[in-house]
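The values are calculated or read from the model by the stated rules, or taken from the named source; none is laboratory data. Here the structure is a predicted model, which means the values were calculated and not measured. Using ideal geometry, Cβ is built from the backbone for each residue, glycine included, and neighbour counts are taken over all protein chains shown. The accessibility values were calculated without ligands, DNA or RNA, using every heavy atom of the protein model including side chains. Shrake-Rupley method; radii C 1.70, N 1.55, O 1.52, S 1.80 Å.
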Amino acid sequence: MEGKVIAVWGSPSGGKTLTGIKLSWKLAKSKKNVVLVLCDNETPMVPLLIPPADTNSSLGHLLALPALTEVDVFQHFIPLKRSFSILGYLRGENENTYADYGPERAKELIHLLRDAADYVVIDCSHHLLSNVLTAVALEVSDTVLRVVNCGLKSLLYIESQRPYLQETRFHYENQINILNRVTPSQDVDTYQNVFGGKAYILPYLPELEAQYNESRLLEPVTGRDGKKYDSNLNTIIRETITSAK
């Protein structure tokens with residue numbers, strides 16, 4: 001059976017990468033094979049999860065190969081934990097480090113990833129128009145999660161991207177809203193309406209910021225608010241990902 005592909009996109013600084021990592025790790029802990037693809041070739045995200053000297057396997061190198069095989073894909077996986085691997089750009093790389101590739105190569109990679117894992121989580125770049133792998137992921141994924149904040153920056157970004165994503169191939173109306181880093185004082189109802197209706201809520205946790213800054217994102221969150229965050233994340237996984245597997 002082919003694996004399921006989940007794309008995670010959203011506004012800059014909205015928490016989509018952190019959410020994608022936490023979601024991927026939870027899926028992997030349920031004894032499923034998970035691959036997290038970190039698309040950002042402007043600010044590489046692999047260093048959030050591993051020390052810089054621990055790998056030379058770059059997503060950019062993989063996409064630039066003359067031909068792509070299942071073996072190539074496996075050789076570029078960076079294993080983190082049992083059943084959890086990542087693909088991404090490495091520290092110091094940027095959008096000009098590797099040769100350009102086209103939509104067909106991106107589709108080929110995603111097809112091979114479906115065969116390699118139960119779940120493929122694609123952390124999209126916020127450059128939706130120019131990052132080819134991101135654009136293709138938003139088109140072909142089984143589930144698309146839109147991660148935003150209750151703030152003007154998120155609102156302006158979504159408004160700017162909406163005309164492009166409302167092309168039929170992106171199924172914009174089926175994307176799932178997640179309001180991230182929500183504080184008790186924020187007007188959730190207003191932002192749910194602005195972003196298109198019902199949204200899942202992930203509360204603000206100072207602990208998550210510390211984990212992000214210290215490359216400890218595979219550690220659990222603690223305390224009452226941490227339990228709420230975990231519970232809400234489990235609900236998102238159950239209702240939008242695993243129930244449709």
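Past 28 Å, Cα to Cα, is the threshold; run 32/153; 29/153; 31/228; 81/198; 32/227 against it and keep the listed order. Don't skip to the end; give the middle numbers.
Numbers: 32/153 35 Å; 29/153 34 Å; 31/228 23 Å; 81/198 34 Å; 32/227 22 Å.
Flagged as over cut-off: 32/153; 29/153; 81/198.
Add -39500 (n - 2.57) for each DSSP H run of 4 or more in the chain, then divide by its residues: what number comes out at 222 nm, to the nearest 500 deg cm²/dmol? The partial results should precede the final answer.
Values: 9 runs with 96 residues, N = 245.
Using -39500 (n - 2.57) per qualifying helix, the result is -11500 deg cm²/dmol.
How much length is gained on full extension from residue 30 to residue 67, taking 0.36 nm per residue of separation minus their Cα-Cα distance? Display every interim value, and only then the final one.
Numbers: separation 37, 0.36 × 37 = 13.32 nm, distance 3.34 nm.
Full extension from residue 30 to residue 67 adds 10.0 nm.
For region 119-188, what does the alpha-carbon gyration tensor say about shape, rounded, prolate or oblate, given a ≥ b ≥ c as the root eigenvalues, a/c under 1.5 as rounded, and a/b over b/c as prolate?
Details: a/c = 1.96, a/b = 1.61, b/c = 1.21.
Prolate shape, in that a/c is at least 1.5 and a/b is the bigger ratio.
Return the distance in nm (one decimal) between the two label points of a simple spin-label model at residue 243 and residue 75, each offset 7 Å from Cα along Cα→Cβ.
4.3 nm
If a/c stays under 1.5 just call it rounded; otherwise compare a/b with b/c (prolate if a/b is bigger, oblate if not). Do that for region 65-114, with a ≥ b ≥ c from the square roots of the Cα gyration tensor eigenvalues.
Working: a/c = 2.15, a/b = 1.16, b/c = 1.86.
Since a/c reaches 1.5 but b/c is at least a/b, the shape of region 65-114 is classed as oblate.
Alpha carbon centre of region 84-135 versus region 1-47: separation in Å?
After rounding, the separation between the Cα centres reads 11 Å.
Where Rh is the Kirkwood radius over the Cα pairs of the chain, the temperature 25 °C and the viscosity 0.890 mPa s, what D in µm²/s does Stokes-Einstein return?
On the way: Rh = 18.2 Å.
Estimated via Stokes-Einstein, D reaches 135 µm²/s.
What percent do you get for the relative contact order of region 107-212 when only Cα pairs under 8 Å and 6+ apart count? Let's see the in-between values first.
Working: 97 pairs, mean separation 22.9, N = 106.
This gives 22 percent for region 107-212.
Report, to the nearest whole %, how much of the accessible area of the chain belongs to carbon and sulfur atoms, 1.4 Å probe, protein only.
In the chain, the share of accessible area belonging to carbon and sulfur is 50 percent.
Tell me, what is the per residue accessible area of the chain in Å², probe radius 1.4 Å?
Working: 11460 Å² over 245 residues.
Result: 47 Å² of accessible area for each residue.
Given a 10 angstrom Cα cut-off, can you work out which residue in 186, 161, 211 is the most mobile in a GNM of the chain?
Of 186, 161, 211, the Gaussian network model singles out 186 as fluctuating most.
Excluding ligands and nucleic acids, what accessible area in Å² is computed for residue 207 using a 1.4 Å probe, to the nearest 10?
Here the residue's solvent-accessible area equals roughly 50 Å².
With no solvent and one equal point scatterer placed on each C-alpha of region 1-129, evaluate the Debye formula and give log10 I(q)/I(0) for q = 0.10, 0.16, 0.17, 0.18 Å⁻¹, two decimals.
-0.28, -0.75, -0.86, -0.98
Could you tell me which residue out of 74, 20, 60 lies farthest along the dipole of region 4-103 toward its positive end? Charges go on the beta carbon: Lys and Arg +1, Asp and Glu -1, centred on the Cα centre.
20
With r defined as the distance between the Cβ atoms of residue 162 and residue 43 and R0 fixed at 25 Å, what FRET efficiency is calculated, to the nearest 0.05? If you can, show how the numbers build up before the last one.
Values: r = 24 Å, r/R0 = 0.95.
According to the calculation, E is roughly 0.60.
For residue 4, which sequence-distant residues (separation of 5 or more, or a different chain) have an amide H within less than 5 Å of its own amide H, given hydrogens modelled in the peptide plane?
Correct list: 119, 120.
Quick one: Karplus J couplings for region 159-168, per residue in order, coefficients 6.51, -1.76, 1.60, θ = phi - 60°, nearest Hz, x for Gly and Pro?
So the Karplus estimates, Gly and Pro as x, are 4, 6, 8, 4, x, 5, 6, 7, 4, 3 Hz.
Would you kindly state how much longer the chain becomes between residue 221 and residue 188 on full extension, computed as 0.36 nm times their sequence separation minus their alpha carbon distance, in nm to one decimal?
Working it through step by step, the gained length comes to 9.6 nm.
In percent, what relative contact order does region 1-109 have, based on Cα pairs under 8 Å that are 6 or more apart in sequence? Walk me through the numbers before you get to the answer.
Values: 127 pairs, mean separation 34.1, N = 109.
Averaging sequence separation for qualifying contacts and normalising by length gives 31 percent for region 1-109.
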